[in-house]
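This report refers to the structure that appears directly beneath it.
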Amino acid sequence: MINKLKNPFRNGLGQLTIPLIAIIILVVFNLIRDPSFFGIEIIQNNDGNNVLSGNLISIINGASELAILAMGMTLVTAACGGQDISVGAAAAIAGSAFVKILKSGDSISGGKVLLAFLFACVVAMLFGAFNGTLVAVFKIQPMIATLILYTCGRSIAYWINGGATPTVTSPIINAIGSFIPGIPVPTPVLIVVIVGVIFKLVFRLTSLEIFTQSVGINGSAARLNGINSTFIKLLSFIILGVCVAISGSIGVSRLGLINHETLLLDVEMDTILAVAIGGNNLGGGKFKVGGSIIGAYVIQMLTITLYAMKVSSTDVKAYKAIVIVLLVVIGSPVVKAKFEKYMSQLRAKKAAVNTKGADQS
Amino acid sequence: MDNPILLTMRHIEKRFPGVLALNNVDFTLRKGEIHALMGENGAGKSTLIKILTGVYQMDGGEVTIEGQPVVIHSPQDAQNSGISTVYQEITLCPNLTVAENMFIGREDSAWIQRKEYEKKADEILGRLEIPTRGARILGRCSLAIQQMVAIARAVDMNCKVLILDEPTSSLDDKEVNMLFKLMRDLKAQGVGIIFVTHFLEQVYEVSDRITVLRNGELVGEYPASDLPQVQLVSKMLGENLIEELPEVQTETKMIGKNQDGVSLVGDMIRNEIKKNSGVFYEAESLSSAQALPFDFKIRKGEVNGFTGLLGSGRSESVRAIFGADKVTGGKVKIKGEQVKINRPIDAMKHGIGYLAEDRKRDGIIADLSVRENIILALQVMNGFFKPISRSESEAFADEYIKVLNIKTASRETPVGSLSGGNQQKVILARWLLTHPDYLILDEPTRGIDIGTKWEIQKLVLKLAEEGVSVTFISSEIEEMLRTCSRLIVMRDRHIVGELTGEDLNQAQVMKTIAGGEA
């Protein structure tokens, strides 16, 4: 009986179905529109390196900061049932802290870049801990708690470098923001891979995943099973802090300067969107980091596709909104339930036909 | 003689992923009758009721009310058709007032002022003799009162069909009698009542007719007077279980009482304790935010119970032992050594496990799989940096699914989609996996079918034999007398008696609870 009912949809649609379908539709759409959209070639860039170039590369490269932030945001969402809207502002702070260390003294050595990055991490983790304390200890709604840093974060970033937007010129910074000589893949893409692997390792080597999900699904039961939900929530914000520091440092390295007003501006909304497109419940609970990463690439691919279609940058947001509404509606529980019902009816019909055939024979 | 037919359900079918929950089930309700719907966990009672109330959509079949076919797509449709429900787990809004809960979501509610609400609510509550007021926040009322407010809400909706799903599981005897009186009144007014319960005596006390379901199929419909209790049980458990039944019965006889009303198993365990009388846990004036100071100790391999009426403080006391509420004072010794237990994790590290009273709120992590739910407590004890590997956790889950006979489509099924009894077994498995020295079970058999109840009672005795101390709380005194060798009786948040040996009988327990010893 149970075996009979077995089929790919028996546990409902997988969490990754919608984001994967979105990616496939975008790819197919672009293939029909202009097959050369996906052309990848090796060119020599300004630094004299042979590097990969093409729309696909710029999509994957451009989504790097978003993908890293989305990974961290997924954890915060799962544990706290809310989102951190201060990641853009916090990234500006982290980026400023990064530059602050780089600008101290004359030369920029590898060690100094590492030190600057670690400093940015510490700063961003502290601000993450600030947000996390408000949420986990004082039980403030995440959006309200992070509204504080969202509002004042870019002012703090402004103070760090005395209001200036200093530039940093160094081959090392350039390599982080674009290409490492000899490697044709953009460095930010490599960093996304590294961060993704670290997440995977953390899930493999710790109980973070099951604890976070338990806290997000049923905090009361989690507590009675000995889980320290305050710690788990705080930890999610601190991990997001690390992601913020990485994204901020990449952003600074791309431009070779820190502009506290524009660095990763409005990224928080795209980040939350990536988490949502990834099929994660914004009310917390079960999550898939992979879904959020795909969500980030969906958003970026959409943007680049629109630009490739010569949509003006002011109109892009409106077109993006249309596609996103579609995605979110298709991924909604109501549509999913309808689809599953349709599938089960189809199955029943098929079963009926089969038994009929068996009777006749 | 038969009253006119009020509701019919014909050929009802309902599928869930991997499970056929209802297969061609018929059900008939007449005007002015109380109709008990009986069955084991997973028999399909809850599913049938959820179809009737629009929570689930049926995949096949038809429903008629007073001869007219009706389509029920939502709880609103059900209400409009005159069907009202009080669910097993209370589904009201704890942060709203009693009055708001009684009138929320009803068509006529939008235009009534708050004061009017409360006045109207007070009126209804007064008539039903429910001791609360409309202006109170529901969440501040006891579980029993919340349940009765849910019933009051349903009663006030002028329903033709009233569904009571385990309405008595959190009520004490007085409240149950009040409810039964109300049910009989409604019956006299021509309301058809569908009564779902696990208490067999209650079924016979009020029901006119009994419909039995088993494994999603209809077994039959019987007048209550023509169906002896033993037959009812065998119909519920099914043919393949009938063979097992004599064995279970002899066992219950064995663990039942002898002529003097003394628990045999109690004797057995007491002998065991004499041999091996080390005190495992000892508390001196332990208190928490919810519990007044009390003294308590339990020996290795002892089964004891906390009893008392609802609100007597029995759950609050065991929660204090586990550190579930904020501990405010007292000394605790484990195996003679003084320890501090302020949080659940402290208790767990000292070998204490706690199965909470409210399974839905404090027990299951609904969206996680059976496997993840089973390993959770062990994982917490192992610590953050020592995750249980996938293959190991699968082995644990498979083992306990088999040992406790948990009915689930697979170990990766979300635990929330299991029936109540199987959810409870999953939580039991979770604690058994930690191999506790002391297991606290607060109402482990509440809302659970008889077969599972026996299984759990047997399990408790087996654990005690293995040297595990168990504290067992149940609202069925019968069940506690069968399993416990010592009963601690509470009244008004104080311990008022401790019964052992010959005092362990129903009369004495009742007397102590009621305060008759003075």
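Mind checking A:199-209 for the average number of partner chain beta-carbons within 10 Å of each residue's beta-carbon?
That works out to 3 on average.
Mind checking the full-extension length gain between B:Arg361 and B:Gln113? Use 0.36 nm per residue of separation minus the Cα-Cα distance, one decimal, nm.
Additional length available on full extension: 86.0 nm.
Divide by every residue of chain A the summed helix terms, -39500 (n - 2.57) for each DSSP H run of at least 4, and state the resulting mean residue ellipticity at 222 nm, rounded to the nearest 500 deg cm²/dmol.
That calculation yields -23000 deg cm²/dmol at 222 nm.
If you keep only loop residues by DSSP, which trypsin sites (Lys or Arg not before Pro) in the range A:98-183 have at most 13 other Cβ atoms within 10 Å of their Cβ?
Numbers: sites: A:Lys100, A:Lys103, A:Lys112, A:Lys139, A:Arg154; in loops: A:Lys139.
Loop-located and lightly packed - A:Lys139.
For the range B:5-248, just say rounded, prolate or oblate: build the C-alpha gyration tensor, square-root its eigenvalues into a ≥ b ≥ c, call rounded for a/c under 1.5, and beyond that prolate if a/b exceeds b/c, oblate if not. Write down the numbers at each step before the final one.
Working: a/c = 1.91, a/b = 1.49, b/c = 1.28.
Prolate is the answer for the range B:5-248, as a/c is 1.5 or above and a/b outweighs b/c.
Quick one: of the DSSP bridges fully inside the protein assembly as shown, what percent are antiparallel, nearest 5?
Details: 50 of 83 bridges.
Bridges in the protein assembly as shown are about 60 percent antiparallel.
Share of antiparallel DSSP beta bridges in the range B:5-248, in percent to the nearest 5?
The answer is about 60 percent antiparallel.
Would you work out which of A:Asn61, A:Gly105, A:Phe38 lies farthest towards the positive end of the dipole of the protein assembly as shown? Charges go on Cβ: Lys and Arg +1, Asp and Glu -1.
Of the candidates, A:Gly105 comes out farthest on the positive side.
Give me the extension gain from B:Glu498 to B:Thr64: residue separation times 0.36 nm, minus the current Cα-Cα distance, reported in nm with one decimal.
150.8 nm
Multiply the residue gap between B:Val279 and B:Asp26 by 0.36 nm, knock off their C-alpha separation, and tell me the result in nm, one decimal place.
Once the chain is fully extended between B:Val279 and B:Asp26, it gains 85.5 nm.
Average partner chain C-beta neighbours within 10 Å, per residue of A:286-294? All intermediate terms of the calculation are to be shown ahead of the outcome.
On the way: counts 6, 0, 0, 0, 0, 0, 0, 0, 0.
Taking the mean over all residues of the peptide, I get 1.
Testing the spin-label approximation: label points 7 Å from Cα along Cα→Cβ at A:Leu205 and A:Ile330. State their distance in nm.
3.8 nm
When a/c is below 1.5 the answer is rounded, else prolate if a/b is larger than b/c, else oblate, so apply that to chain B with a ≥ b ≥ c taken from the square roots of the Cα gyration tensor eigenvalues.
Because a/c hits 1.5 or more and a/b exceeds b/c, chain B counts as prolate.
List the lysines whose Cα lies under 16 Å from the Cα of B:Lys340, skipping any in the same chain that are fewer than 8 positions away.
By straight Cα distance, B:Lys340 reaches B:Lys297, B:Lys326, B:Lys331, B:Lys349.
For the protein assembly as shown, with the dipole built from +1 on Lys and Arg beta-carbon atoms and -1 on Asp and Glu ones, taken about the Cα centre, which of B:Leu164, B:Gly420, B:Phe27 lies farthest toward the positive end?
Value computed over the given set: B:Gly420.
Could you sort the peptides A:286-296, A:318-328 by per-residue average Cβ neighbour count (10 Å cutoff), highest mean leading?
Ranked from most to least packed, the peptides come out as A:286-296, A:318-328.
Over the range B:282-432, what is the relative contact order in whole percent, taking alpha-carbon pairs under 8 Å and six or more residues apart?
20 percent
For B:Gly308, which sequence-distant residues (separation of 5 or more, or a different chain) have an amide H within less than 5 Å of its own amide H, given hydrogens modelled in the peptide plane?
When sequence neighbours closer than 5 places are left aside, the close amide H contacts are B:Met490.
With each run of n ≥ 4 DSSP H residues scored as -39500 (n - 2.57), what mean residue ellipticity at 222 nm is computed for chain B after dividing by its residue count and rounding to the nearest 500 deg cm²/dmol?
Taking each H run of at least 4 residues, the total per residue is -11000 deg cm²/dmol.
Across peptide B:365-371, how many C-beta atoms of other chains are within 10 Å of each residue C-beta, on average?
For peptide B:365-371, the averaged partner shielding equals 5.
Which is the longest stretch in chain B that no exposed loop site breaks, taking sites as chymotrypsin sites (Phe, Trp or Tyr not before Pro) with a DSSP loop state and at most 16 other Cβ atoms within 10 Å?
The longest such stretch corresponds to B:200-384.
Given a Förster distance of 25 angstrom, what is the FRET efficiency for B:Glu217 paired with B:Glu412, based on the Cβ-Cβ distance and rounded to 0.05? Write down the numbers at each step before the final one.
Details: r = 27 Å, r/R0 = 1.06.
So the FRET efficiency works out to roughly 0.40.
Please give the net charge around B:Met348, taking every other residue with its beta carbon less than 15 angstrom from that of B:Met348, where Lys and Arg add +1 and Asp and Glu add -1.
Around B:Met348, the charge tally is +4.
Report the residues of the range A:25-53 in range of a label on A:Thr167: point 7 Å along Cα→C-beta, backbone N strictly under 16 Å from it.
Hits in the range A:25-53 for A:Thr167 at 16 Å: A:47.
Taking the simple approach of a point 7 Å from Cα along Cα-to-Cβ for both A:Gln44 and A:Val27, what is their distance in nm?
With each label placed 7 Å out from Cα toward Cβ, I get 3.3 nm.
So for chain B: antiparallel DSSP bridges make up what percent, rounded to the nearest 5?
Looking only at bridges with both residues in chain B, the antiparallel portion is about 60 percent.
Is the protein assembly as shown rounded, prolate or oblate when judged by the Cα gyration tensor, a ≥ b ≥ c being the square roots of its eigenvalues, rounded requiring a/c under 1.5 and prolate requiring a/b larger than b/c?
Because a/c hits 1.5 or more and a/b exceeds b/c, the protein assembly as shown counts as prolate.
Run the quick spin-label model on B:Phe180 and B:Asn382: label points 7 Å from Cα toward the beta carbon, then report their separation in nm to one decimal.
Computed distance between label sites B:Phe180 and B:Asn382 equals 5.0 nm.
Among all lysine pairs in the range B:10-169 that are eight or more places apart or on different chains, how many have alpha carbons less than 28 angstrom apart?
Close lysine pairs under the 28 Å cut-off: 12.
Read-outs throughout are calculated quantities, based only on the coordinates presented, and are distinct from any laboratory measurement. A quick note: this is a predicted structure, and the numbers were derived from the prediction, not measured. Positions of Cβ are generated from backbone atoms using ideal geometry, with glycine treated the same way; all protein chains shown enter the neighbour counts.
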